[in-house]
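Here's the structure we're looking at; comments come further down.
The values are calculated or read from the model by the stated rules, or taken from the named source; none is laboratory data. The shown structure was predicted, so the numbers you read here are calculated from the model rather than taken from an experiment. Please note: Cβ atoms are built from the backbone with ideal geometry, for glycine as well, and neighbour counts cover all protein chains shown.
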């Protein structure tokens with residue numbers, strides 16, 4: 001029998017170091033600002049460390065959040081698992097970064113562990129990329145790296161979790177994806193095929209993949225030139241990010257409803273955003289081209305091959 | 001027996017003229033821009049006229065929307081009234097205006113009529129004001145005018161509908177009201193106390209009160225000076241408006257879920273918005289003073305009297 005008590009301490013400690021390592025790598029790559037830290041406690045049990053970067057050389061605003069919380073399981077969880085009463089434990093790392101230069105993409109990552117007092121547990125998470133301007137080589141790089149992480153653990157992970165991301169990071173009311181997707185997964189538990197170690201190893205690799213992937217994109221694109229047009233388009237794309245997070249994102253909605261620390265939950269909001277009435281980019285413009293890529297089901301790894 | 005067929009044509013025609021009259025009054029008061037009109041049809045029945053103003057002298061972005069739509073009642077309505085099947089008809093005018101000068105408040109108004117094929121009908125609506133900076137004299141003026149409209153029809157309207165607005169225009173996750181409230185009402189139907197004419201007369205008066213109230217505030221405050229600090233605070237207050245509309249507003253949520261015309265639904269979004277991490281205005285600053293007024297239950301009409 002697994003010692004859940006030890007396991008959860010081990011997992012939350014690992015997530016806490018992941019936060020520290022990612023912040024360090026991002027500070028190095030940014031070269032202009034460092035993270036400020038707010039430590040908070042949750043009245044009902046547990047707490048977290050919110051690390052925020054603002055007005056860096058490359059990163060305009062972003063957060064790398066760690067939390068480990070516990071207490072009575074909220075009603076939604078009880079209903080979901082048909083339980084009358086249970087305690088929960090949840091720990092994870094969440095990241096959203098909004099870069100200054102519109103040529104650098106917005107990125108999001110989350111890895112999390114959830115446990116109920118009846119012994120059920122599962123892992124979840126995802127990484128997705130939201131370029132203001134889609135560069136095919138970046139999209140291919142991003143999906144190639146994610147596929148490598150997935151393939152190491154199971155051949156079915158990448159196709160399954162890539163589709164899951166397409167379906168999840170989708171603005172139904174605009175019929176467009178938030179960006180070029182990535183991977184998304186939830187409720188990974190143990191079964192005949194997978195042990196805890198299989199699932200946890202995969203989630204650790206997702207967490208470890210984040211910094212190398214994003215610092216590569218920061219370095220590659222942050223010196224590209226841009227002007228007023230590109231800043232305006234960035235602000236419009238950021239407004240779609242706001243719409244996704246406030247209307248659809250499960251973590252955000254759950255946080256707002258259950259009264260989490262509001263400044264941590266909404267650190268995902270961009271520093272600025274604009275809404276123009278009925279804005280339509282000019283035909284064949286880079287903006288129109290980007291829109292044409294905001295669709296479900298694009299096979300980024302096959303996109304080079306002419307069909 | 002009332003001829004519902006005639007009544008709904010009459011009501012929607014009246015709302016359509018209200019839209020035209022309000023747009024005319026706003027153009028006169030703005031003096032710099034005029035409304036552009038988009039006429040749209042709804043595949044399932046009906047349509048609307050979306051009128052949008054952008055980059056005026058006073059109004060930076062705003063919409064005055066008319067619609068009259070019909071078809072199969074959506075599931076939410078059927079469940080609400082325990083019906084298996086019904087058709088609906090809905091018509092109304094909706095307004096949100098975002099001024100350029102932070103000293104001029106954001107305003108919202110809605111008046112609407114709803115009818116089901118089983119003969120049930122009701123009226124609803126509201127007006128509320130969201131100042132970026134609360135001026136007490138404006139708040140008193142605004143609530144005094146609304147009370148006049150209410151008192152003409154029933155002594156209980158103002159206290160009841162003022163409280164309803166406080167409760168409705170409330171950001172639970174920030175524990176703050178959207179602005180200084182106003183009035184909000186729904187499901188006004190006929191009963192022993194009120195005839196259709198009583199309810200409709202009241203709703204007409206709410207609609208007619210809008211232009212004189214807001215053009216007064218436009219004229220009074222649009223030449224007040226402001227600088228970078230005030231523009232930044234305006235952008236922060238606008239972000240709260242975004243949060244309210246995407247997270248709580250029933251009309252917006254309903255529109256996004258049922259697939260209405262997205263550019264009309266989201267015309268309520270501000271032209272720009274900013275999210276700063278953990279922004280706290282300086283003690284005793286005008287910004288801090290404004291925050292202190294974003295509370296439920298303030299009796300604006302008694303606020304002069306020292307207690």
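The rows are residues; the columns are (1) in contact with a strand residue (DSSP E or B) (Cβ under 8 Å, 6 or more places away or on another chain); (2) within 14 Å of another protein chain (Cβ to nearest Cβ); (3) farther than 30 Å from residue A:254 by Cα.
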{"site": "B:181", "(1), (2), (3)": "yes, no, no"}
{"site": "B:200", "(1), (2), (3)": "yes, no, yes"}
{"site": "B:209", "(1), (2), (3)": "yes, no, yes"}
{"site": "B:215", "(1), (2), (3)": "no, no, yes"}
Which ones in the range A:53-74 are surrounded by fewer than 20 Cβ atoms within 10 Å (Cβ to Cβ) and at pLDDT 95 or above?
A:54, A:55, A:57
Options A:92, A:71, A:63, A:48: the member that is in a strand (DSSP E or B) and over 19 Å from the mean Cα position of the chain (by Cα)
A:71
Residue B:83: passes all of (1) surrounded by 15 or more Cβ atoms within 10 Å (Cβ to Cβ); (2) touching a strand residue (DSSP E or B) at 6+ places or on another chain (Cβ under 9 Å) but (1)
What's the number of the condition residue B:34 fails, among (1) in contact (Cβ under 8 Å) with a residue 40 or more places away in the chain; (2) over 14 Å from residue B:65 (Cα atoms); (3) surrounded by fewer than 19 Cβ atoms within 10 Å (Cβ to Cβ)?
(1)
For residue A:229: the one exception among (1) without any contact (Cβ under 8 Å) to a residue 60 or more places away in the chain; (2) within 9 Å of chain B (Cβ to nearest Cβ); (3) out of contact with any strand residue (DSSP E or B) (no Cβ under 7 Å at 6 or more places or on another chain):
(2)
Going by the conditions given, is residue B:108 more than 14 Å from chain A (Cβ to nearest Cβ), surrounded by 21 or more Cβ atoms within 10 Å (Cβ to Cβ) and within 30 Å of residue B:229 (Cβ to Cβ)?
yes
If you check residue A:82 against the conditions, is it more than 14 Å from chain B (Cβ to nearest Cβ), in contact (Cβ under 8 Å) with a residue 40 or more places away in the chain and not in a strand (DSSP E or B)?
no
Filtered residues of the range B:47-57 (kept if in contact with a strand residue (DSSP E or B) (Cβ under 7 Å, 6 or more places away or on another chain), closer than 20 Å to residue B:220 by Cβ and more than 14 Å from chain A (Cβ to nearest Cβ))
none
Scope the range A:241-269; condition part of a loop (DSSP other than H, G, I, E, B), facing chain B (nearest Cβ under 8 Å) and more than 15 Å from residue B:276 (Cβ to Cβ); matching residues:
A:259
Pick out the one residue from B:44, B:60, B:37, B:6 that is more than 22 Å from residue B:128 (Cβ to Cβ), within 14 Å of chain A (Cβ to nearest Cβ) and out of contact with any helix residue (DSSP H, G or I) (no Cβ under 7 Å at 6 or more places or on another chain).
B:37
Can you name the residue in the range A:124-145 that is buried (at least 22 other Cβ atoms within 10 Å of the Cβ) and in contact with a strand residue (DSSP E or B) (Cβ under 6 Å, 6 or more places away or on another chain) and is also nearest to residue A:90 (Cα to Cα) among such residues?
A:125
Tally up the residues in the range B:271-290 that are within 14 Å of chain A (Cβ to nearest Cβ) and either in a helix (DSSP H, G or I) or under 21 Å from residue A:263 (Cα atoms) (or both), please.
9
Check off (1) in contact with a strand residue (DSSP E or B) (Cβ under 8 Å, 6 or more places away or on another chain); (2) assigned to a helix (DSSP H, G or I); (3) within 19 Å of residue B:242 (Cβ to Cβ) for residue B:165 and give me the number that stays unchecked.
(3)
Given (1) assigned to a strand (DSSP E or B); (2) within 14 Å of chain B (Cβ to nearest Cβ), where does residue A:173 come up short, assuming only one miss?
(1)
Is it fair to say residue A:224 is away from chain B (no Cβ under 14 Å), out of contact with any strand residue (DSSP E or B) (no Cβ under 9 Å at 6 or more places or on another chain) and either touching a residue at least 12 places away in the same chain (Cβ under 8 Å) or not in a helix (DSSP H, G or I) (or both)?
yes
